[in-house]
Amino acid sequence: MCGIVGYTGKGNAAPALIDGLYRLEYRGYDSAGIAVEGENGIQIVKRAGRVKGLECARGLEGHAGIGHTRWATHGAPTERNAHPHAYHGIVLVHNGIIENAYTLREGCLARGETFVSDTDSEVIAHLIAAEYRGNLLEAVRAGCEKLKGSYALAVMCEKERGKIVCARKRSPLIVARSGENLLVASDLPALAGEAEAYALGEGEFALLDGDITFYDASLSPIQKVRTEFDASTELADRGGYPHFMRKEMAEIPAAMRRTREEAEKTLSLSPLYEVLCQTEYIQILGCGTAYHAGLCAKTFLEATCRLPSEACVASEYRYRDPIVPSNTLAVAVSQSGETADTIAAAELAKERGARLVAVTNSPDSSLNRMADFVLPTRAGREVAVAATKSFNAQLVALYHLSEALARAKGKPFSPLPDLSAAAEETLLRSERVENWIKSFQNARTALFIGRGADFCAALEGSLKLKEISYLPSEGYPAGELKHGTLALIEDGTPVVAVLTCARLAEKTMNAVHEAYARGAHVFLVTTFLEYAGREAVRDAVLLPPCDGLLSPVLSVIPLQMLAYFVSVARGADPDKPRNLAKSVTVE
Ligand code: M6R
């Protein structure tokens with residue numbers, strides 16, 4: 001989490017830093033700050049809130065600087081806790097978490113040093129300052145040796161003009177050259193269009209001082225190979241839509257189509273086929289929306305391939321001493337490919353003998369690098385914090401993986417339909433959910449219910465709603481309502497029932513009637529016209545015909561749309577919900 005940037009060159013640093021930070025806001029937007037080295041030393045400007053608060057600093061003069069956009073871990077999202085942090089001429093920005101910060105800080109306090117923030121990062125400036133003997137690079141290395149946890153750092157020093165030292169451990173950092181300008185960034189979007197980029201390796205250092213020199217952990221200079229990055233990392237724009245989320249929902253059909261083509265290509269490769277033939281157990285790992293995609297896939301896999309499988313919350317998996325039977329295929333699902341919990345879970349599954357398939361939307365991601373096989377989603381860049389098109393693309397990829405598994409295992413399997421045209425139609429039919437928002441706008445809680453695959457879609461609908469509209473909601477198995485959650489229902493409580501599995505439809509309707517009888521406003525997302533007209537149903541989105549096991553790829557669309565409309569109606573920002581970030585790179 002957090003985005004860091006650095007610039008040293010011939011031009012003015014401030015505009016380059018601020019523009020770079022805008023492009024990294026998906027990594028956090030609690031506070032922002034820059035430090036620019038001018039004629040009279042390093043000047044720091046920080047603000048609580050988004051990067052736009054730094055516009056007042058665009059005119060700062062100076063040819064070198066560093067910047068930061070924060071997702072708060074230690075310390076409230078205030079100006080005082082914003083980066084850069086400075087101590088005795090050392091100025092730095094940090095992305096990551098320092099796990100021994102408290103102990104290190106106690107040591108500094110015992111030496112009489114004082115702190116001005118509550119962050120774990122400030123102590124790094126103290127450590128480097130204590131090690132400084134006229135060589136910033138050596139001081140950074142010595143300081144880093146004392147750190148436990150994760151860090152990507154860009155450090156400047158009042159006494160060494162024009163220099164930036166970079167270091168990283170378990171947090172990404174890219175260094176780039178563009179003509180006479182040298183740049184640092186947490187991720188490529190901040191460098192969009194730059195010519196020559198290098199990913200700093202684990203434990204490596206870089207010195208930007210007129211040119212870039214790379215060093216290994218013991219400060220011996222090393223040569224690095226330029227990193228080839230996918231052109232799709234270009235900076236995205238809203239393309240005329242009011243929000244990225246709305247635009248990204250419109251892109252769902254294309255994302256599904258491209259992912260299907262990609263899956264057909266990738267899954268025909270023989271090395272993966274051999275692994276699939278041996279697979280006897282499947283663990284799907286992911287967080288948030290990616291976990292929900294895993295749940296949908298598990299339901300589908302078990303029903304169609306009859307292979308035992310589980311969807312695992314990645315942040316739990318790593319701490320539960322998981323059993324990984326022989327011939328397990330671990331499938332790590334992640335839009336970013338950088339989610340710390342998913343990476344750690346995937347590492348553990350591999351350590352315990354599983355073969356690893358990464359299903360990611362980011363060709364250059366850490367997960368892809370560690371996986372035995374990559375099954376890409378081709379959703380295109382997703383900017384809104386709320387995952388939409390990436391979820392639909394993940395489902396398509398996972399359904400195709402299931403199909404390949406079935407074939408490898410000699411199980412009968414009907415060819416997967418291309419549902420992208422149905423998704424197009426669903427988008428149009430979903431517009432009507434704008435009429436539902438009256439029931440949601442001032443509600444105290446909302447419920448999403450379903451059975452089987454519909455329950456998986458309900459979970460995702462609920463996550464989307466609470467994430468961007470801040471309305472508490474629950475995704476619940478329809479049959480479980482009467483075991484406690486029904487008590488939440490009062491006059492006007494909105495309940496969305498997802499109903500696409502013929503076998504389970506009447507059963508879900510029982511729950512609908514139970515909720516309606518207690519005053520709920522029931523809305524339906526269904527493939528069955530006969531239920532849409534029932535008295536208990538206030539309104540419905542009728543989905544195009546679709547197999548109930550595959551239906552989450554369609555039924556989620558009106559739910560995403562609903563969350564979007566409610567968010568806007570409640571005055572929230574659907575693209576940048578409070579307290580969150582797009583890429584969760586800390587534990
Ligand atoms: O990049 P990932 O897919 O690994 O991210 C996982 C979750 O953080 C993510 O899906 C999150 O739940 C979304 N913001 C939900 O909309």
Charge dipole of region 417-574 about the Cα centre (unit charges at C-beta), most positive-ward option of Gly519, Cys501, Gln441: Gly519
Least to most buried among His88, His68, by other C-beta atoms within 10 Å and fewest first, runs His88, His68
Just rank Glu474, Glu180, fewest to most, by other beta-carbon atoms within 10 angstrom. Glu180, Glu474
Could you give me the radius of gyration and the Dmax of region 246-416, taking only the C-alpha atoms into account and expressing both in angstrom? 14.6, 44
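For region 75-220, divide the Cα radius of gyration by the Kirkwood radius and give the resulting Rg/Rh value with two decimals.
Working: Rg = 14.8 Å, Rh = 15.5 Å.
Checking Rg against Rh, the ratio lands at 0.96.
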Isolated cysteines for the chain, Cβ-Cβ cutoff 4.7 Å, are Cys2, Cys56, Cys108, Cys144, Cys157, Cys166, Cys277, Cys287, Cys305, Cys312, Cys501, Cys546
Calculated SAXS-style log₁₀ I(q)/I(0) at q = 0.17, 0.21 Å⁻¹ - region 465-587, Debye, Cα scatterers: -0.94, -1.24
Gyration tensor (alpha-carbon) shape descriptor, region 508-571, a/c threshold 1.5: oblate
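Work out the length of the dipole vector of the chain about its Cα centre, built from +1 on the beta-carbon of each Lys and Arg and -1 on the beta-carbon of each Asp and Glu, and round it to the nearest 20 debye.
560
Can you give the charge dipole size of region 421-476 about its Cα centre, rounded to the nearest 20 debye, using +1 on the beta carbon of Lys and Arg and -1 on the beta carbon of Asp and Glu? Don't skip to the end; give the middle numbers.
On the way: 7 positive and 8 negative charges, 56 e Å.
Computed charge dipole of region 421-476: roughly 260 debye.
Which semi-axes, in whole Å and largest first, does the equivalent ellipsoid of region 196-346 have when worked out from the alpha carbon gyration tensor as the square roots of 5 times its eigenvalues?
34, 25, 17
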Filtered hits (lysines, Cα-Cα < 19 Å from Lys582, offset >= 8 within chain) -> Lys52, Lys247, Lys389, Lys464, Lys466
Mind sorting Phe448, Phe391, Phe455 by how few other Cβ atoms lie within 10 Å of their own Cβ, fewest first? Phe455, Phe448, Phe391
Between Asn442 and Glu138, the FRET efficiency computed from the C-beta separation at R0 = 60 Å comes out, to the nearest 0.05, as 0.50
If you split all Cα-Cα distances of region 26-135 into 10 Å bins from zero, what percentages do you get per bin, shortest first? 15, 45, 32, 8, 0
Quick one: of Lys169/Lys409; Lys350/Lys482; Lys350/Lys409; Lys224/Lys576; Lys350/Lys576, which pairs are farther than 30 Å apart, Cα to Cα? Lys169/Lys409; Lys350/Lys482; Lys224/Lys576; Lys350/Lys576
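How large is the convex hull of the C-alpha atoms of the chain per residue, in Å³?
155
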Just to be sure I understand the curve: with the Debye formula and one point per C-alpha of region 285-385, what is log10 I(q)/I(0) at q = 0.13, 0.15, 0.21, 0.23 Å⁻¹? -0.41, -0.55, -1.08, -1.28
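Quick check of the Kirkwood formula: for region 44-106, what is the inverse mean of 1/r over all pairs of different Cα atoms, in Å? Let's see the in-between values first.
Numbers: mean 1/r = 0.0756 Å⁻¹.
After inverting the pairwise mean of 1/r, the radius is 13.2 Å.
Two decimals is fine: what's Rg over Rh for region 362-506, C-alpha atoms, Kirkwood radius as Rh? Before the final figure, lay out the partial values.
On the way: Rg = 18.2 Å, Rh = 17.9 Å.
With Rg and the Kirkwood Rh in hand, the quotient comes to 1.02.
We did not get these values from a lab; they are worked out from the coordinates using the rules stated. Predicted model only: the values in this text are computed from it and were never measured. Cβ coordinates were reconstructed from backbone atoms using ideal geometry, including for glycine residues, and neighbour counts include every protein chain displayed.
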